[in-house]
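Coordinate-derived values only; no laboratory data. Values in this document were obtained by computation on a predicted structure and should not be read as measured data. Here Cβ is always computed from backbone atoms with ideal geometry, including for glycine, and neighbour counts include all displayed protein chains.
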Amino acid sequence: MKSSSTYIITIDGTSGSGKTTISKSLAKKLSFNLLDSGKLYRSAGFVYSLSKESFSDMNSIKELISKITILSNTDSNEYEIFFENNKIDHLLYSEEVSECASIVSKIPEVRECMMKIQKQCVRGKGLIANGRDMGTEVFPEANLKLYVDASLDIRAKRRYEELKSKGENVNFENVYKSLQKRDESDTNRSISPLRVPNNAEIIDTTDLKPNAIVDKILNLYTITKN
Ligand code: DC
């Protein structure tokens, strides 16, 4: 449950808008804990990839997901994810786990279990929670709600450069189309669709550099914390 002394900042927004970069920088500057809810859903996808047959039975889903635990890293402040007490963060970004995460994130019982884990993150001085439904569904009571967006063209350019810098053989048109498809499915899905939360500050990162965005959010934090 939200403790009145924990300041919560939610960062919802489109894919590739810069949510992760902004969240990490804010968590460092404010010494707040950081929850990347996408990573948490990926851990449910990882569990599903290990034992797909168990996901037909709700009790088994709950039992398997109860073996997922989180712990905040003392250097980065980011919640790391453990399955049966083994850290699994590095196993969550394969194509297979991405697909499995997309499947299980549509199961209401999985979202219910994730909700409980996400609520456990409210502790200490503050929490930065990023994802698609942080300000709308998970922490509607947050002290500061942000919705981060940028033009599709600039998001595709950023993603393309990022993948190229990792040595991947990418084609700009494919990156653009895949983000466009992701936008459509994120905003049109029936369960927890991507929406601008009530009372959220909309931050357009199209023409802003990460440092300028973080400074803008730190100003909002200073205004709202008193
Ligand atoms: O942001 P990401 O690619 O790491 O998210 C992984 C998957 O989890 C993606 O299929 C969307 C889903 N997800 C969700 O349903 N709700 C969230 N709050 C975060 C992610």
Ordered by fewest other Cβ atoms within 10 Å, a rough proxy for footprinting exposure, Leu26, Leu163 read Leu163, Leu26
Looking at region 2-131, how many pairs of lysines come closer than 17 Å at the Cα, when each pair is eight or more places apart or spans two chains? 25
Just to be sure I understand the model, the point goes 7 Å from the Cα along the line to the Cβ. What's the resulting Asp207 to Phe82 distance in nm? 4.8
Can you tell me which of Leu64, Leu179, Leu50 moves the most in a GNM of the chain? Springs connect C-alpha atoms under 10 Å apart. Leu50
Who wins for biggest fluctuation among Glu95, Glu137, Glu184 in a Gaussian network model of the chain, springs between alpha carbons below 10 Å? Glu95
Could you give the length gained by full extension between Ser5 and Val196, i.e. 0.36 nm per residue of separation minus their alpha carbon distance, to one decimal place? 66.2 nm
The relative contact order of the chain, taking Cα pairs under 8 Å that sit 6 or more residues apart, comes to a percentage of 33
If you take the charge dipole of the chain about its Cα centre, with +1 on Lys and Arg Cβ and -1 on Asp and Glu Cβ, which of Ile61, Leu144, Tyr79 is farthest toward its positive end? Leu144
Might you report the magnitude of the Cβ-based charge dipole of region 54-99 about its Cα centre, with Lys and Arg at +1 and Asp and Glu at -1, to the nearest 20 debye? 220
Distance between Cα centroids, region 199-226 to region 150-189: provide it in whole Å. 24
Within region 1-157, the percent of DSSP beta bridges that are antiparallel, given to the nearest 5, stands at 30
Please report the antiparallel percentage of the DSSP beta bridges confined to region 69-226, to the nearest 5. 60
Here the net charge surrounding Lys29, from other residues whose Cβ is less than 15 Å away from its Cβ (Lys, Arg +1; Asp, Glu -1), is +2
Kindly state, to the nearest 0.05, the FRET efficiency for Glu95 paired with Leu220, given R0 = 35 Å and r defined as their beta-carbon distance. 0.40
Sum up the charges of everything whose Cβ sits under 13 Å from the Cβ of Asp186, counting Lys and Arg as +1 and Asp and Glu as -1, but leave Asp186 out. +3
Gaussian network model of the chain, Cα within-10 Å springs - most flexible of Arg42, Arg132, Arg182: Arg182
Taking the Cα centre of the chain as origin, work out the dipole magnitude from +1 charges on Lys and Arg Cβ and -1 charges on Asp and Glu Cβ, in debye rounded to 20. 540
Which value results for Rg/Rh of the chain when Rg is the Cα radius of gyration and Rh the Kirkwood radius based on the inverse mean 1/r? 0.95
